[in-house]
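K.L.:
Have a look at this one.
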Amino acid sequence: MQPNRDIYQEPLVSRYTSPEMQRLFSERYKFTHWRRCWIALAEAQHELGLKAVTSEMIDQLKAHAEDINFEVAEEKEKEIRHDVMAHVFAYGQQCPLAEPIIHLGATSQFVVCNTDLVVQKEALKLIQAALLRTIANLARFARKHANLPTLGYTHYQPAQPTTVGKRTTLYIQDLLMDLDYITTLQAQLKARGAKGTVGTQATFLELFEGDHAKVREMDQRVARKLGFDSTFAVTGQTYPRKLDMKTVETLTGIGASAHKFAVDLRLLANLKVQEEPFEEKQVGSSAMAYKRNPMRSERMTGLARKLMGLPTNFAATAANQWFERTLDDSAIRRMDMAQAFLLTDAVLRLYMNISENIVVYPKQIEKHLQEELPFMATEKILMACVEHGESRQTMHEVIRGHSVAAGYEVKQNGGSNDLLKRLGDDAAIPFSTRELEELLTDYQSFTGRAEAQTLDFLKEQVEPVLHRHSGEFTNIDASLHV
């Protein structure tokens with residue numbers, strides 16, 4: 001179906017997100033699951049002996065679970081201004097035998113909340129799979145470049161050498177933490193179940209003639225039929241909005257992890273040492289034909305920034321649920337809950353795509369190392385001078401003076417870093433320039449345990465996770481629509 005070019009199109013849907021995530025937040029998925037909630041309720045009521053609900057009624061409900069008469073529901077909603085009752089009416093038109101018992105004893109949030117929780121449960125599976133795929137991509141990259149020395153930075157100033165692989169483990173570790181939070185969140189997801197108008201189950205207790213055990217069992221059966229192990233023990237009219245707050249905080253954490261990676265890659269692209277994949281026909285700029293803008297990383301940064309701004313809305317909603325419920329949660333949740341998952345999906349699609357083919361330029365990395373390594377090697381030179389019999393304090397002052405002069409030459413005059421030559425030409429230093437250069441030839445010696453840390457981390461922390469979830473993430477499509 002062609003988009004309507006005359007109205008606003010949501011970019012999250014038209015440009016950035018996967019069809020699988022879009023399907024979960026579609027109207028068809030939502031209203032189909034409303035019907036599954038009604039079927040689950042009727043089945044539980046019938047199984048527990050409620051004579052008003054017959055097997056023939058349930059068969060009719062099941063026969064029309066998928067073929068939703070949207071037009072009937074939409075017309076009815078215009079008339080009565082209530083979406084749930086409009087769909088009760090539409091379902092009843094298709095199921096005349098079952099019409100009297102559709103939604104029996106329930107409140108609107110029975111279908112709304114339980115369906116929302118089903119959607120979130122399935123959406124979290126997609127998020128988890130994308131996280132695992134990204135972790136696997138980065139782990140492969142980290143292993144490949146575990147021993148490739150590169151400049152490390154603090155305050156975005158050259159600090160000490162690390163390795164490309166070691167730096168990548170920092171991104172992986174963030175994602176592993178996100179994965180842990182997802183696992184914790186999944187364990188907290190429960191069905192709302194069948195709790196009634198304000199959570200007291202009063203109507204259901206009346207239907208079952210005061211039989212508390214049957215009402216409790218009905219609640220649990222509905223949950224199991226909807227794919228949950230349990231229900232929230234107590235609710236008001238809705239499931240606790242505190243869960244929404246924690247859900248979005250978890251998704252926001254993924255956004256922050258991705259944002260960190262994307263900004264770092266943009267900075268590395270400026271240094272010309274690493275960059276995101278760039279397609280053969282890709283255009284970087286409409287004016288500057290040579291440009292290779294990091295557009296995927298920039299997009300990921302922007303989408304993550306939008307995602308990271310959502311938790312405030314959910315905290316305010318949770319805090320403003322007066323007593324058993326107030327309706328100011330409805331409109332904002334329609335937008336923000338879907339956006340939170342869609343944004344996370346969009347961010348992870350970009351992260352997966354980029355991490356599959358990160359480009360590395362070893363010669364450029366070496367150039368940067370050579371420019372900065374003389375400064376970073378001053379302590380090693382100092383120790384060598386002391387071993388040669390010189391005074392540490394005297395050598396420190398000599399080296400300090402030449403370091404300041406070499407830094408001035410680089411910054412003020414645009415010259416090269418000639419510190420080693422300055423030291424080699426100074427009679428106080430017991431080494432020639434050539435001997436000093438030989439001290440710096442082994443870049444690996446400056447990276448400490450970076451390679452070992454990388455390999456240990458991959459073996460002990462990453463591989464067990466990927467093995468435990470093997471088969472859950474290999475078939476994800478990481479291609480981008482735009």
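K.L.:
Can you give me the angle between helix 164-188 and the longest principal axis of the chain, using Cα atoms only, in degrees from 0 to 90, rounded to the nearest 10?
P.N.:
Taking Cα atoms only, the helix is inclined about 20 degrees.
K.L.:
Report the convex hull volume per residue for region 229-269, counting only C-alpha atoms, in Å³. List each step's numbers first, then the result.
P.N.:
On the way: hull volume 2.9 nm³, N = 41.
Taking the convex hull of the Cα positions in region 229-269, it is 71 Å³ per residue.
K.L.:
Within a Cβ distance under 9 Å of Val410, other residues only, what is the Lys/Arg minus Asp/Glu net charge? All intermediate terms of the calculation are to be shown ahead of the outcome.
P.N.:
Details: positive: Lys411; negative: Glu371, Glu409, Asp418.
Result for the local shell: -2.
K.L.:
Still on this structure, I have one more. Highest mean first, how do 310-322, 242-254 rank when packing is the count of other Cβ atoms within 10 Å averaged over residues? Each step should come with its number before you reach the end.
P.N.:
Working: 310-322: 16.2, 242-254: 21.2.
For the peptides 310-322, 242-254, the packing ranking is 242-254, 310-322.
K.L.:
If you average the C-alpha positions of region 382-428 and of region 339-378 separately, how far apart do those two centres end up, in angstrom?
P.N.:
If you average the Cα positions of each part, the centres end up 32 Å apart.
K.L.:
Return, for the Cα atoms of region 86-130, the radius of gyration and Dmax in Å, separated by a comma.
P.N.:
Reported Rg and Dmax, both Å: 14.8, 45.
K.L.:
Would you mind checking the tilt of helix 70-80 against the longest principal axis of the Cα atoms of the chain, expressed as 0 to 90 degrees and rounded to 10?
P.N.:
70 degrees
K.L.:
Under the 0.36 nm per residue contour assumption, what length would be gained going from the current alpha-carbon distance of Asp328 and Ala256 to full extension?
P.N.:
The span from Asp328 to Ala256 would gain 23.1 nm if fully extended.
K.L.:
Please report, in debye to the nearest 20, how large the charge dipole of the chain is about its Cα centre when each Lys and Arg carries +1 at its beta carbon and each Asp and Glu carries -1 there. The partial results should precede the final answer.
P.N.:
On the way: 57 positive and 63 negative charges, 44 e Å.
Roughly 200 debye for the chain.
K.L.:
Moving on. Quick one: what does P(r) look like for the chain with 10 Å bins over all Cα pairs, in whole %?
P.N.:
Over the chain, the share of Cα pairs per 10 Å bin runs 4, 16, 21, 18, 14, 11, 7, 5, 3, 1, 0 percent.
K.L.:
So what is the calculated 222 nm ellipticity per residue for the chain, using -39500 (n - 2.57) for each DSSP H run with n of 4 or more, over all residues, to the nearest 500 deg cm²/dmol? Mind dumping the intermediate values first?
P.N.:
Values: 20 runs with 297 residues, N = 482.
Per the formula, -20000 deg cm²/dmol.
K.L.:
A further question on this structure: Taking every pair of alpha-carbon atoms in region 378-439, give the share separated by more than 17 Å as a whole percent.
P.N.:
Counting pairs separated by more than 17 Å, the tail of P(r) holds 35 percent.
K.L.:
Could I ask something else about it? In what sequence, highest mean first, do 267-274, 331-338 appear when ranked by Cβ atoms within 10 angstrom? If you can, show how the numbers build up before the last one.
P.N.:
On the way: 267-274: 17.9, 331-338: 15.6.
Top to bottom by mean Cβ count within 10 Å: 267-274, 331-338.
K.L.:
Using 0.36 nm per residue, how much length does the chain from Gln370 to Glu390 gain when fully extended, once their Cα-Cα distance is taken away?
P.N.:
Numbers: separation 20, 0.36 × 20 = 7.20 nm, distance 2.65 nm.
Computed gain between Gln370 and Glu390 is 4.6 nm.
K.L.:
Measuring from centroid to centroid over Cα atoms, what is the spacing of region 136-172 and region 46-121 in Å?
P.N.:
One Cα centre to the other: 55 Å.
K.L.:
What FRET efficiency do you get for Glu47 and Asn270 if R0 is 45 Å and r is their Cβ-Cβ distance, rounded to the nearest 0.05? Working shown, then result.
P.N.:
Values: r = 65 Å, r/R0 = 1.44.
E(calc), rounded to 0.05, equals 0.10.
K.L.:
For region 136-233, what is the Kirkwood estimate of the hydrodynamic radius, computed as the reciprocal of the mean inverse distance between distinct Cα atoms, to one decimal in Å? Kindly include the intermediate steps, with their values, before the conclusion.
P.N.:
Numbers: mean 1/r = 0.0560 Å⁻¹.
Its Kirkwood hydrodynamic radius stands at 17.9 Å.
K.L.:
From the residues Thr150, Leu126, Val462, which one has its Cα farthest along the dipole of the chain in the positive direction, the dipole being from +1 and -1 charges on Cβ of Lys/Arg and Asp/Glu about the Cα centre?
P.N.:
Positive-end residue among those listed: Leu126.
K.L.:
Return the percentage of antiparallel bridges among DSSP beta bridges fully within the chain, rounded to the nearest 5 %.
P.N.:
On the way: 7 of 8 bridges.
Looking only at bridges with both residues in the chain, the antiparallel portion is about 90 percent.
K.L.:
So how strong a dipole does region 349-471 carry about its Cα centre when Lys and Arg Cβ are +1 and Asp and Glu Cβ are -1, to the nearest 20 debye? Don't jump to the answer; show the numbers that get you there.
P.N.:
Values: 13 positive and 20 negative charges, 91 e Å.
So the dipole magnitude of region 349-471 works out to roughly 440 debye.
K.L.:
Now, a different point. For each pair in Lys125/Lys246; Lys51/Lys78; Lys166/Lys306; Lys30/Lys62; Lys62/Lys195, compute the distance between the two Cα atoms and list the pairs where it is over 26 Å.
P.N.:
On the way: Lys125/Lys246 16 Å; Lys51/Lys78 34 Å; Lys166/Lys306 29 Å; Lys30/Lys62 16 Å; Lys62/Lys195 23 Å.
Cα-Cα > 26 Å for Lys51/Lys78; Lys166/Lys306; rest within.
K.L.:
By the scheme Lys and Arg +1, Asp and Glu -1, what is the net charge of all other residues having a beta-carbon under 11 Å from that of Val111?
P.N.:
That sum, taken over residues with Cβ under 11 Å, equals +2.
K.L.:
My understanding is that a pair violates if its Cα-Cα distance is over 24 Å; which of Lys144/Lys272; Lys144/Lys363; Lys121/Lys242 do that in this structure? Walk me through the numbers before you get to the answer.
P.N.:
Numbers: Lys144/Lys272 19 Å; Lys144/Lys363 16 Å; Lys121/Lys242 16 Å.
From the list (Lys144/Lys272; Lys144/Lys363; Lys121/Lys242), the Cα-Cα distance tops 24 Å for no pair.
K.L.:
Let me ask something additional. Might you report the magnitude of the Cβ-based charge dipole of region 378-439 about its Cα centre, with Lys and Arg at +1 and Asp and Glu at -1, to the nearest 20 debye?
P.N.:
Values: 7 positive and 11 negative charges, 40 e Å.
With Lys and Arg at +1 and Asp and Glu at -1, about 200 debye.
Each value in this text was obtained by applying a stated rule to the coordinates, not by laboratory testing. The shown structure was predicted, so the numbers you read here are calculated from the model rather than taken from an experiment. Backbone-built Cβ (ideal geometry, glycine too); neighbour counts: all protein chains shown.
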